[in-house]
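Asker: Before I ask anything, here is the structure I am working with.
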Amino acid sequence: MNGNEMNNDSSENQQESSADWNEQDNDNVTEQGPQFPGFNENDEDAEGLTFNWTSLFVGLAFFFFMFHDTNIFSGNWSFLLYLFAAVIIHELGHVIFGRMFGCEIKEMQVFFFPFASYKPRQTTEGSSWRNVKWSLGALPLGGATVFKSRAADADGTGEEPSAGYAEAPAVSPYIEDKAAWQRLLISAAGVLFNLATFLILYLAMPYLSAGSYHFFSPLAILSLILAILNILPIYPLDGGAIVFALYEIITGRKPSPEFTRICGWIGFAVIILLFWVFPQWINGLLESILWRLF
């Protein structure tokens, strides 16, 4: 039996059982009880507010394990607000540059292990900004911007990502279709936005009052730290993506998906070693930079 015959048989079976499935879905809705409007648990494509208890508990467990011996649990939580602001600035850099080059953004995530997400309800206007899901995580170590990609769209369909692009790169929503120099700028945008935030605040500090100085200096410091850490040439950090883009610009060839995936796992292990197992090197680097500036 060929593929077309299998598809025809399966479609006929689906049509015959569609009424039964609809009845089961209606029964499930009534059994679940009242639903809060715009609040759906564990539904990645749902519009409105979604909540994931598993991500919340796992993220909080990691948070407690990593920061239990710090002054966070003594009542000094203010740095989380500054880190939240610095991460938003960083991710907005990726979002703005991505939109400038015509990419479609699927999600902007602040902190890891996202437990709360909001996706605007779709309208007939079809604004691409209404396709963006905004997520908040429980582990305050950074963020992520997820772009629409051919690989993600093909995942789970049994299809391979299409080679090349079906439409001009300027109008294609896929990140892979953009020129290497555009992807380089998109990857570097978060670091550039953090550096710009730091420079603006640092240059303005001599003219600020004492209260304003103490209010804005943590944001300047955290913005600089995020920029330094993200520019490290380790994939999946921004620095690693910049190295891949530079490689493509110089050689005219993209790294293979398998190579990129392997580099991602190796880079993740290196990040764990640097920031968790052997943090002295990172701490020394940051302290020496901050000591000279402040």
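The values are calculated or read from the model by the stated rules, or taken from the named source; none is laboratory data. Remember, predicted model here, so these are calculated numbers, not experimental data. Cβ sites come from the backbone with ideal geometry, for glycine too, and all protein chains shown count toward neighbours. Side chains are part of the model used for accessible areas, which takes the heavy atoms of the whole protein and leaves out ligands, DNA and RNA. Shrake-Rupley method; radii C 1.70, N 1.55, O 1.52, S 1.80 Å.
Asker: Take SER187 and tell me if it is open to solvent by less than 30 Å² (accessible area, probe 1.4 Å) and assigned to a loop (DSSP other than H, G, I, E, B).
Answerer: No: the conditions fail for SER187.
Asker: For the range 233-242, which residues satisfy the criterion of being surrounded by fewer than 17 Cβ atoms within 10 Å (Cβ to Cβ) and either without any contact (Cβ under 8 Å) to a residue 24 or more places away in the chain or under 15 Å from ALA180 (Cα atoms) (or both)?
Answerer: Selection gives PRO233 alone.
Asker: Does TRP181 fit the bill of being of a type outside the set (A, V, I, L, M), open to solvent by 60 Å² or more (accessible area, probe 1.4 Å), at pLDDT below 75 and assigned to a helix (DSSP H, G or I)?
Answerer: no
Asker: So is PHE84 within 25 Å of THR197 (Cβ to Cβ), modelled with pLDDT under 90 and surrounded by 15 or more Cβ atoms within 10 Å (Cβ to Cβ) or not?
Answerer: In short, no.
Asker: Quick one: would you say PRO218 is of a type outside the set (Phe, Trp, Tyr), modelled with pLDDT under 90, in contact with a Phe, Trp or Tyr (Cβ under 9 Å, 6 or more places away or on another chain) and not in a helix (DSSP H, G or I)?
Answerer: When the stated conditions are applied, PRO218 does not pass them.
Asker: Among helices (runs of 4 or more DSSP H) lying entirely in the range 221-294, which contain 3 or more residues that are at pLDDT 90 or above?
Answerer: 238-251, 257-272
Asker: Filter the range 99-132 for residues that are charged (D, E, K, R), modelled with pLDDT of 90 or more and part of a strand (DSSP E or B) and give the result.
Answerer: The answer is LYS106, GLU107.
Asker: Something else about it: Going by the structure shown, is ALA204 of a type in the set (A, V, I, L, M), open to solvent by 50 Å² or more (accessible area, probe 1.4 Å) and more than 26 Å from the chain's Cα centre (by Cα)?
Answerer: The answer is no for ALA204.
Asker: Pairs only if they're at least six apart or on different chains, beta carbon under 9 angstrom, first in the range 185-212 and touching a residue at least 24 places away in the same chain (Cβ under 8 Å), second of a type in the set (Asp, Glu); list them, first residue then second.
Answerer: Pairs found: SER187/ASP238; ALA188/ASP238; ALA189/ASP238; GLY190/GLU91; GLY190/ASP238; VAL191/ASP238; PHE193/GLU91.
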